[in-house]
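Structure, as structure tokens:
The values are calculated or read from the model by the stated rules, or taken from the named source; none is laboratory data. Since we're looking at a predicted model, the values are computed, not measured. Backbone-built Cβ (ideal geometry, glycine too); neighbour counts: all protein chains shown.
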Amino acid sequence: MGKILIVCPHPDDEIFVLNNICRDARLSNDIDILYLSGTEERIKEAKKSCCYLKFNFLFLGADHEIKDGRFHESFKTLRDTFREVIETYDLIFCTALEGGHQDHDTTAMAIISSLENNEFSKILFYPCYTSLNRSMLYKVRGRNNYVDCMQKIEQKYTHLRTEELFLSMFIYKSQRLTWIFLWPALFIKYIFNGKDVLYMLMGEYSGLSIINSIKTQPLYEKHARIKFKEWKSAIIHDLEQD
């Protein structure tokens with residue numbers, strides 16, 4: 001696979017993508033995790049995670065203040081950062097545009113809008129969580145049709161990774177309560193579906209065309225974290241200024 005970058009809006013997001021990185025690539029010890037935000041406590045946990053996984057720790061927040069829940073206010077910073085780092089990696093994993101968490105969606109849009117030429121082929125988008133149908137309920141690491149420009153890549157699960165449970169319960173102690181709610185959905189997924197999903201762009205798309213194609217109400221609006229209209233307006237404003 002060559003040199004790999006995992007983009008994590010928040011410490012613990014790497015747990016969602018571990019099953020998609022093959023054993024040989026992980027043994028190469030050439031995998032970087034770029035965390036975009038985090039409190040002092042969560043960054044300490046992220047460093048422990050990288051030490052356990054034998055991945056290299058990188059933190060954008062050391063040079064830029066990226067506010068949790070308000071990534072859309074730093075969209076230009078994120079886009080410019082990705083433009084600088086994309087060419088140095090052979091494969092990049094990034095959170096999917098899926099309407100689950102607004103920071104995950106902002107990160108996906110920032111990396112999409114930073115791509116040039118055929119760079120889209122080296123980006124794989126990993127889902128975290130999103131709406132289950134039209135309800136306020138959610139599904140974890142599953143398939144979704146939030147945007148139409150993504151091609152699904154399905155992988156069969158053979159077993160639950162104990163490291164995912166270990167990281168979520170014993171390394172990221174500050175997020176343990178969140179993961180207690182996420183794990184039942186993951187167990188149900190493993191039992192009744194047994195497949196993991198990655199996404200990749202089917203071709204070159206402009207950021208504006210993608211964001212304007214979103215029609216489903218995102219989970220973060222249903223949970224009253226931020227209005228979709230506010231998020232969309234901030235992203236479009238920066239895209240039009242580029």
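Side notes on the structure shown:
- Residue check, R225 basic (K, R), over 30 Å from I21 (Cα atoms), surrounded by fewer than 17 Cβ atoms within 10 Å (Cβ to Cβ) and under 20 Å from the mean Cα position of the chain (by Cα): yes
- Qualifying residue in the range 73-92 (condition: within 23 Å of L182 (Cβ to Cβ), within 16 Å of the chain's Cα centre (by Cα) and touching a residue at least 40 places away in the same chain (Cβ under 8 Å)): no
- Total residues in the range 36-60, condition of a type in the set (S, T, Y), surrounded by fewer than 17 Cβ atoms within 10 Å (Cβ to Cβ) and assigned to a helix (DSSP H, G or I): 1
- Members of the range 159-182 found to be over 17 Å from the mean Cα position of the chain (by Cα) and within 16 Å of L132 (Cβ to Cβ), listed by number: F181
- Matching option when the condition is more than 17 Å from G207 (Cα to Cα), out of contact with any strand residue (DSSP E or B) (no Cβ under 7 Å at 6 or more places or on another chain), without any contact (Cβ under 8 Å) to a residue 40 or more places away in the chain and of a type in the set (K, R), among K48, K67: K67
- Members of the range 81-90 found to be outside any helix (DSSP H, G or I) and of a type in the set (D, E, K, R), listed by number: D90
- Residue within the range 99-120 that is part of a loop (DSSP other than H, G, I, E, B), small (G, A, S), buried (at least 23 other Cβ atoms within 10 Å of the Cβ) and in contact (Cβ under 8 Å) with a residue 60 or more places away in the chain present: yes
- In the range 188-199, the residues that are surrounded by 12 or more Cβ atoms within 10 Å (Cβ to Cβ) and out of contact with any Lys or Arg (no Cβ under 9 Å at 6 or more places or on another chain): Y190
- Looking at the range 147-242, the helices (runs of 4 or more DSSP H) lying wholly inside it that each contain 2 or more residues that are among the aliphatic types (A, V, I, L, M) and without any contact (Cβ under 8 Å) to a residue 12 or more places away in the chain sit at 176-192.
- Residues that are closer than 22 Å to N145 by Cα and touching a helix residue (DSSP H, G or I) at 6+ places or on another chain (Cβ under 6 Å) within the range 102-122 comprise Q102, D103, T106, M109, A110, I111, I112, S113, listed in sequence order.
- Scan of the range 61-80 for residues that are at pLDDT 95 or above, closer than 25 Å to L167 by Cβ, of a type outside the set (F, W, Y) and assigned to a helix (DSSP H, G or I), ordered by number: L78
- Failed criterion for I111 (all others in (1) closer than 17 Å to K189 by Cβ; (2) modelled with pLDDT of 85 or more hold): (1)
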